[in-house]
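Okay, so here's the structure we're looking at.
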Amino acid sequence: MKKIVLTTIALLFGFYLSAQQETQMKKLPSVMIKTLDGEQFNTAKISNPGKPTIISFWALWCKPCKKEMDAYSEVYEDWVEETGVKIYAVSIDDSRSTAKVLPFVSGKDWPFTVLLDPNGDFKRAMNVNMIPHTFLLDGNGNIVYQHTSYYEGLEDEMFELIKKVAKGEDISGH
């Protein structure tokens, strides 16, 4: 009985610690990835001082990812006008399919910054295991929210969070 109680306490304490770590503000790691032009880009340069930032990991083979990016593309100008948000779409396509990303993005005419992570270094540093995986950062570059997957209407929920972050409101309970 004592062993069960101790195990339960240890598990609960572990869950408490992991929940605490989840809610603590996290900064972006510094990883070298590439721009669509093939230039080196340090992820530590991802910023939008005083305003929210979205970083969304996606790939050409991921239909929900492309739907999410298309949905963001449709509302991006309004979002920027109202909140100043900046979106970075990070392709995790490998080096074999990276060459197809630029023509695809050009055809889509997405109005936000698209970056390439062909070796998956940034993906690993951000602990991304499933895509789409989207992060919301506050105006100080702290990760304040993240989600995986996409469903129609999620962009509306994201916009509500973006507006709160833009106003400096705490969304940790979301």
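Each of Asp109 and Glu74 was given a label point 7 Å from its Cα along the Cα-to-Cβ line. The distance between the two points is 1.6 nm. Dividing the mean sequence gap of close Cα pairs (under 8 Å, 6+ apart) by how many residues region 25-166 holds gives a relative contact order of 35 percent. Return the whole-Å distance between the Cα centroid of region 40-64 and the Cα centroid of region 108-171. Measuring centre to centre over Cα atoms gives 7 Å.
Too long at a 25 Å Cα-Cα cut-off: which of Lys26/Lys63; Lys26/Lys164; Lys27/Lys100; Lys27/Lys108; Lys45/Lys123; Lys100/Lys163?
Working: Lys26/Lys63 29 Å; Lys26/Lys164 18 Å; Lys27/Lys100 31 Å; Lys27/Lys108 30 Å; Lys45/Lys123 16 Å; Lys100/Lys163 34 Å.
Checking Cα-Cα distances, Lys26/Lys63; Lys27/Lys100; Lys27/Lys108; Lys100/Lys163 exceed 25 Å.
Within the chain, the whole DSSP H helices whose Cα atoms reach 24 Å or more along their own axis and whose mean Kyte-Doolittle score is at least 0.5 are 2-23.
Computed over the chain, the per-residue total of -39500 (n - 2.57) for DSSP H runs of n ≥ 4 gives a 222 nm mean residue ellipticity of -12500 deg cm²/dmol, rounded to 500.
Among the trypsin sites (Lys or Arg not before Pro) in region 72-102, those placed in a DSSP loop whose Cβ has at most 15 other Cβ atoms within 10 Å are Arg96. Using a cutoff of 8 angstrom between alpha carbon atoms and counting only pairs six or more residues apart, the relative contact order for region 94-174 works out to 20 percent.
Since every read-out is calculated from the coordinates, none of them should be taken as a lab result. All values derive from a computational prediction rather than experimental measurement. Here the Cβ is made from the backbone with ideal geometry for all residues, glycine too, and neighbour counts use every protein chain on show.
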